[in-house]
Amino acid sequence: MTETDKAKSTQPEEAHVEVTDDIDPELEALLQTPPLEGLTDAQAAARLQQFGPNEIPEKKTNPILKFLSFFGGAISYLLEIAAIVCAVLGNWIDFGILVFVLIANAFIGYYEEAKAESALDALKNTLALHCRAWRNSKLVEVESRLLVPGDIIAIRLGDIIPADCRLLGVGVTGEETEGTLQIDQAALTGESLPVNKGKGAIAYSSSICKQGQMLAVVTKTGINTYIGRAANLISITNDEGHFQKIINHIGNFLIVISLLMVVIIFIVQKVARDMAFKEALKTVLILTIAAIPVGLPTVMSVTMAVGAGQLAKKKVIVKRLTAIEELASVSTLCSDKTGTLTLNELTFDKPYLSKKGNTSTDFEGTGESYTDQDLLTYAYMASEPGAQDAIELAVRGAAEDRVTILQNRTEQHNIPGYKVNGFIPFNPTSKYTEATVTNLETGEKFRTIKGAPPVIIRMVGGHEQASEAVTDFARRGLRALGVARTVDPEMTKFEMVGMISLLDPPRPDSAHTIAECNKLGITVKMITGDQLIIAKEVAHRLGMDRAILDAHALTDSRLDEEALTDRVIKADGFAHVIPEHKYRVVELMQNRGQLVGMTGDGVNDAPALKKANVGIAVEGCTDAARSAADIVLLASGLSTIVDGVKTSRAIFQRMRSYALYRIASTIHFLLFFFISILVFDFTLPDRLVLLIAVLNDAATLVISVDNARISKRPDKWRLGQLLSLSFILGFLLMIISFAHFLIAKYHFDVDDDTLKTIMYLQISSCPHFVIFSTRLPTWFWKSIPSPVFAFAIIGTQIIAMFMSIYGVEFFEAHPIGWGWGVSVMCISLVMFMILDIVKVFVIKKWSFELTARLWPSPKRRAELEKRIARKVELTRVMANWAKARKVVLMSHAILAFKSKKTLAATKANGDSSTTINVTYAIENA
């Protein structure tokens, strides 16, 4: 074996990994159709009855039922109960207000909700509508939806393949062929290059034939095809959104405490105080209305809608409003490689260049190296004009961009200074293209060839350096092409010019975007259908670690789910991925509690886009990906995602600050009225309570334009902290309210009507000013509120103050005068500053351990146990590292001590050269 042969034998193989499906014997028997006869009409009709049409089944949702579903949920149920109570009592104004809020919330949800049916429609539209098939021994045009297993179809250049089919190695007119089809299945598998498929290989439905022609037998149709499985994954993905879960948690919390208090009050009023049923019901109505965060869904939706407008200006289109909140919380971003992180086009990379005059034994030759321009010029000569092959296009494009003589040509097919006398196109047997060329200036004739590296190396008689270069390219996932030319008058002796390397390169902004995501606390994982070595090379160029996992490990039966999830979380990316793998990756990380974002552009990405918390369709995506996604990027690459994350985090901070304020206000309402009704039999007129709720929530709508501080880590609701802090603030607000109540009632001895108005102003202003504190997790002065926001908050309370000072009969507000009005407002302003100190203290001292102990749940307890176990394990590992470090340091000390002895002995012997060597060794140790 020669050195060249050895190099070739040790060269890593760039083999395409084909995903195959098992075909059961019963179906296999139906596939034995004679190629030039096809099925008869009777056979086709029987199989159509058995297997169904070749289309993806649709699942339609009744729009009326869809609309009515938005009247469900914890907060909606509270609103509906309150509306029913108002109707029973004949309180039609309050009833009308509550019904209006209910309908408004439902309409917002209905029009903003993304529907799975649209994704299915888009997948259906990617299928070919017609194809040519052999039926009754004739080649006829058939509707694609009528194809059945066993049909013989003709596949030609440019055809969209209508169903999964097995290539027969037979030409369209029946001749045997050893050729292959070049199939572009990037939209299905994410592979950056078209793949060559020959006899016996499976061509997937919706992939595109880029080169060649062949007959094939249909193996699977409809939902059983590769793309059909993707559609099925979308149709079974109906997970409740993260934001909806949060709103329901908050609503359920308020429902439980509200019902508990309402039932107690109703029993006391009806039994202990012998109050009439309607009167008792009217008394509890005030508490029910107070408990409802009427504007919570509306304020949240408006805040997100304004944010969606801001994102649209940055070319980030939001299809589902709640995706904004979820994007702020995303901790892991799974990005499709081909077309998203990379350009999805082969480009010229750094080549290997031979020396002029080189031979199989003398690689130096004249010592002068061929240049990039020489390499590309000879390759261009041996390229087929007009060929749509990806590699040919890449070579011709690189040459036209870089070679001086090919620029500014008058005739695009000519090469200035040269004439191509003859051209031999690529064929699977020779595996190279060849051109015979004349140099018009010197009259020299020569042949130039371009093709598979082993063939070109063999044609030049062997070339070890070139073989090593090809091996290096292969290890890094680069596609290599050899180029050589003849150097003798007989045009028989070839000389190596060099090796072209081709790669689908990263987008110019991808590495920066990944680094920015990492700064924002988001881990980026690359997902591709490409080979493992290509994925590792791209990861390296993007500045990512090269811990790329072969996706087939996701189906390793030897690993339990916990171990598999650990693998997924630690991996930097996945190769050889199919749609089920992407879906599985998202599912495993979600099961571990992570919020996952998924980007993609192809049909193969659609199921995972739908499954992810935030599905992001990138620029140039297919209709299927766009329909399944929550967010669509209009600008190329991922750079706009960073803008989207920053904007969404600002929006999240606004929503969380509002939620904290609103829950604290609600708890304050509930506690105050619960005690005041039971102990003092004191209530406010229901219109004043509604006015507090509606007017204050209307003012807080402008929180959507407030200034916000962007978090450097993924945002989390931290419900335990949120509810606990809300309860603490609400409890303190209740104490402040009772201080006003008791002082006004017993110290100043005001009448009941005046007391009610004083309490209205206090309950309206004091909790409302607290929003200046809750808008930040730190001290309130660290970020100044926007002028619009400050004006709206202060303005509504000035209105409330003037209403209280002068009185408004419609709302049953009696005048209290300037003294009470100004005093209450000033105290409210001071109180929010005191409560700000409490807020900062609680947030600083809070931890997950505290949440798990105060708000225990099986999930929180289990997570706490895991965290404690991880902490113990980390402590043990660090202790072991410390021991190992100690041993290493002791070893270095012993080596240094021995080296000093040697040095001393050397000096005694006067050997200066050894001394220098020993000194150098000590310094490097």
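The values are calculated or read from the model by the stated rules, or taken from the named source; none is laboratory data. What you are looking at is a predicted structure, and each value in this text was computed from that prediction instead of being measured. Neighbour counts are summed over all protein chains in view; Cβ atoms, including those assigned to glycine, are modelled from backbone coordinates with ideal geometry.
Just a few scattered comments:
- Residue count for region 268-287, restricted to those that are surrounded by fewer than 12 Cβ atoms within 10 Å (Cβ to Cβ) and of a type outside the set (D, E, K, R): 4.
- Count of region 309-365 residues which are part of a loop (DSSP other than H, G, I, E, B) and of a type in the set (A, V, I, L, M, F, W, C): 5
- Residues located in region 631-644, provided they are of a type in the set (Ser, Thr, Tyr) and either assigned by TED's automatic domain parsing to the domain that holds residue 704 or in contact with an Asp or Glu (Cβ under 6 Å, 6 or more places away or on another chain) (or both): 636, 639
- For region 485-500, a tally of residues being outside any strand (DSSP E or B) and not charged (D, E, K, R) returns 4.
- Candidate set: region 718-766, residues that are among the aromatic types (Phe, Trp, Tyr) and over 28 Å from residue 795 (Cβ atoms); chosen: the one surrounded by the most Cβ atoms within 10 Å (Cβ to Cβ): 727
- Any chance residue 841 is of a type outside the set (Val, Ile, Thr), part of a helix (DSSP H, G or I), without any contact (Cβ under 8 Å) to a residue 60 or more places away in the chain and surrounded by 11 or more Cβ atoms within 10 Å (Cβ to Cβ): yes
- Selected residue (only one of 761, 742, 776 is over 17 Å from residue 660 (Cα atoms), touching a residue at least 40 places away in the same chain (Cβ under 8 Å) and either part of a helix (DSSP H, G or I) or out of contact with any Asp or Glu (no Cβ under 6 Å at 6 or more places or on another chain) (or both)): 761
- Single match in 852, 893 (criterion: assigned to a helix (DSSP H, G or I) and either at pLDDT 75 or above or among the hydroxyl-bearing types (Ser, Thr, Tyr) (or both)): 893
- The residues on offer are 81, 75, and the sole one that is of a type in the set (Val, Ile, Thr), surrounded by 16 or more Cβ atoms within 10 Å (Cβ to Cβ) and modelled with pLDDT under 70 is 75.
- Of the residues contained in region 488-497, none is found to be polar (S, T, N, Q) and either in contact with a Phe, Trp or Tyr (Cβ under 6 Å, 6 or more places away or on another chain) or modelled with pLDDT under 90 (or both).
- Yes/no for residue 625 being at pLDDT below 75, in contact with a strand residue (DSSP E or B) (Cβ under 6 Å, 6 or more places away or on another chain) and farther than 17 Å from residue 711 by Cα: yes
- Filter result for residue 426 (closer than 24 Å to residue 389 by Cα, aromatic (Phe, Trp, Tyr) and touching a residue at least 40 places away in the same chain (Cβ under 8 Å)): yes
- Among all positions in region 397-409, there is at least one residue which is among the polar types (S, T, N, Q) and part of a loop (DSSP other than H, G, I, E, B).
- Among residues of region 146-198, those that are part of a helix (DSSP H, G or I), of a type outside the set (A, V, I, L, M) and either surrounded by fewer than 18 Cβ atoms within 10 Å (Cβ to Cβ) or modelled with pLDDT of 85 or more (or both), counted: 0
- Residue 754 more than 52 Å from the chain's Cα centre (by Cα), of a type in the set (Ser, Thr, Tyr) and assigned by TED's automatic domain parsing to the domain that holds residue 824: yes
- Residue in region 645-662 that is closer than 29 Å to residue 807 by Cβ, assigned to a helix (DSSP H, G or I) and in the same structural domain as residue 808 (by TED's automatic domain parsing) present: yes
- When we screen 807, 817, 821 for residues that are touching a strand residue (DSSP E or B) at 6+ places or on another chain (Cβ under 6 Å) and under 25 Å from residue 683 (Cα atoms), the only hit is 807.
Residues checked against (1) over 24 Å from residue 421 (Cα atoms); (2) touching a Lys or Arg at 6+ places or on another chain (Cβ under 9 Å); (3) of a type in the set (A, V, I, L, M, F, W, C):
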site: 353; (1), (2), (3): yes, no, yes
site: 361; (1), (2), (3): yes, no, no
site: 364; (1), (2), (3): yes, yes, no
site: 367; (1), (2), (3): yes, yes, no
site: 375; (1), (2), (3): no, no, yes
site: 391; (1), (2), (3): no, yes, yes
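- Search result, residues across region 793-812 that are surrounded by 15 or more Cβ atoms within 10 Å (Cβ to Cβ), out of contact with any Gly (no Cβ under 8 Å at 6 or more places or on another chain) and at pLDDT 85 or above: 793, 794, 796, 797, 800, 803, 807, 808
- Subset of region 38-72 [at pLDDT below 80, more than 24 Å from residue 228 (Cα to Cα) and either assigned to a helix (DSSP H, G or I) or of a type in the set (Val, Ile, Thr) (or both)]: 63, 64, 65, 66, 67, 68, 69, 70, 71
Per-residue answers, yes or no, for (1) modelled with pLDDT of 90 or more; (2) in the same structural domain as residue 364 (by TED's automatic domain parsing); (3) under 30 Å from residue 212 (Cβ atoms):
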residue	(1), (2), (3)
401	no, yes, yes
447	yes, yes, yes
453	yes, yes, yes
461	yes, yes, no
473	no, yes, yes
